[in-house]
1. From the list 441, 359, 365, which residue is part of a helix (DSSP H, G or I), hydrophobic (A, V, I, L, M, F, W, C) and at pLDDT below 85?
2. Which pairs have Cβ atoms under 6 Å, sit 6 or more apart or on different chains, and link a residue in the range 129-148 that is over 15 Å from residue 184 (Cβ atoms) to one that is small (Gly, Ala, Ser) and surrounded by 15 or more Cβ atoms within 10 Å (Cβ to Cβ)?
3. For the range 375-389, name all the residues that are buried (at least 21 other Cβ atoms within 10 Å of the Cβ) and either under 19 Å from the mean Cα position of the chain (by Cα) or part of a loop (DSSP other than H, G, I, E, B) (or both).
4. What is the number of the single condition among (1) touching a helix residue (DSSP H, G or I) at 6+ places or on another chain (Cβ under 8 Å); (2) at pLDDT 95 or above that residue 243 does not meet?
5. Just give me the residues in the range 350-392 being under 15 Å from residue 174 (Cα atoms) and among the charged types (D, E, K, R), in sequence order.
6. Could you say which residue among 357, 367 is of a type in the set (Ser, Thr, Tyr) and out of contact with any strand residue (DSSP E or B) (no Cβ under 8 Å at 6 or more places or on another chain)?
7. Could you give me the residue pairs with C-beta distances under 6 Å whose first residue belongs to the range 383-408 and is assigned by TED's automatic domain parsing to the domain that holds residue 322, whose second residue is assigned to a loop (DSSP other than H, G, I, E, B) and among the aromatic types (Phe, Trp, Tyr) wherever it lies, and which are 6+ apart or on separate chains?
8. Return a yes/no flag: does the range 228-245 have any residue that is assigned to a helix (DSSP H, G or I), basic (Lys, Arg) and farther than 30 Å from residue 376 by Cα.
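The values are calculated or read from the model by the stated rules, or taken from the named source; none is laboratory data. Being a predicted model, the structure only gives us computed values, none of them experimental. Heads up, the Cβs are rebuilt from the backbone with ideal geometry, glycines too, and the neighbour counts pull from every protein chain shown.
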Amino acid sequence: MMSIVLVFVVLCQFSSIKECSCLWQLQTTNITQPLKNTLNKTIHVARGVATPLVNETSLVNFTYTIRMGINSSELDIEDNDENLSQVDCFGLGKTVAKTLEWFFISNPNGSYALNVRFFLSSRKQPHRVEVVLGEQFGLEWTDFRIERRTVIIVHGFLAHGKEEWISNMEKALLQWDDVNVVVIDWSAGGNTWNYYKAAVNTKIVGYQISKFIEHVTNATISNEGSDTRNWGSLYLIGHSLGAHICGMAAKELKQRQNRWTVHRITGLDPAQPCFRNADPSVYLHKNDAPLVDVIHTNGKLLLKLGLGLPEAIGHMDFYPNGGRTQPGCAKTESSYYDYLPIPITAIQRAICSHGRSYLYLTESLVSAATRNCSFWAHNWNLTYMHLTRIIAEPCDTNICTEMGIRAEMYDHRGTFFVATASTPPFCANSTSIIEEVDRQLRQEHFN
């Protein structure tokens, strides 16, 4: 039930005005008067005579705003208030976006977003141990070792750190390799029915994750010296809004010139609402790490219930089964919300497809550990005509790459097509599966 309402709220309340003409009417019911009061206080911002709406050093109404320099591709930071970048869900421009961001963060969830929790585990200590930022920060009660690769998992909207998929991915990571796993729980800032507020909070959560990494860096240097050559790599994994949080954390670490920087980010169907056509400073981007790989599983237009970004934003963008709708995500029996002006089947398929991204990554971890299957990926130009030529071609390490954890083993860059089964195990490349994927794409008039 919660998931169905989630999609309805996202689509009808937080689309851009160009995509949903009902948006402003819906919003005025809830925020018109408070917003008018806020606008009255900040109306001179557009004329350049007011101070910034947000205070980067305030923990009461905290927001972390990236200041974009002239070279935006390198994410340079300059002290120029005219270059402030906000999350603009409504397509109403920077001034209104800034005002709305201030309004939502000044309400309770803005401060709740600071309550990010960090849980560590390892092979020797599979049961999570929580560590807290601040003066009492310490890793003494954990099995954390900086020499290992450290993997950080970040959930999305209306989720939490105890999600079943996170636990399964955590176990698969520990089976795959001797790594440090850090599970991020930002449910204090993400479990709000106000999606706009959760989207704005991604910047705050990203900042908090960067502070955690900085704490680990400082603690390690003070205990072991400044030699970083034997440190393990830092790998971030984020689903939906969590993918953009990973990008924000990596940007902040670069800005701070921290000694320990992110080497890889995997975006699991990065959220589309509020982030499509946004400035690269507020969403996951290939400049955020040496390797950014993205798994697109529900990348359709928002009006067609696409919860994930359809555009390629990484070094390697994988589009399993075309990246729009995943096979096997069909309607289940339900009597709830039949009154919604959106077909229940479409809603369920969108939710299911959006979540397949983390299932595929987890299965790739299990397959890599047991060496029993590969999510082979063909280089693809995102057209149906090209797909008909490549879909049945045999794969090997010279021709194809792999989706999932082993993507880092390949030098290939670009966009890729992957065929999967409709039920677990999803990793399969039989002729019957390829034919079924081809049939589904034809049915959807994919081009």
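1. Unique residue meeting the criteria: 441.
2. If the second residue must be small (Gly, Ala, Ser) and surrounded by 15 or more Cβ atoms within 10 Å (Cβ to Cβ), the pairs left are 143/122; 147/232; 148/232.
3. 375, 380
4. Result: residue 243 passes all but (1).
5. Selection gives 363 alone.
6. Selected residue: 367, the only one of 357, 367 that is of a type in the set (Ser, Thr, Tyr) and out of contact with any strand residue (DSSP E or B) (no Cβ under 8 Å at 6 or more places or on another chain).
7. none
8. Residues of the range 228-245 assigned to a helix (DSSP H, G or I): 241-245.
Next cut, basic (Lys, Arg) only: none.
No: zero hits.
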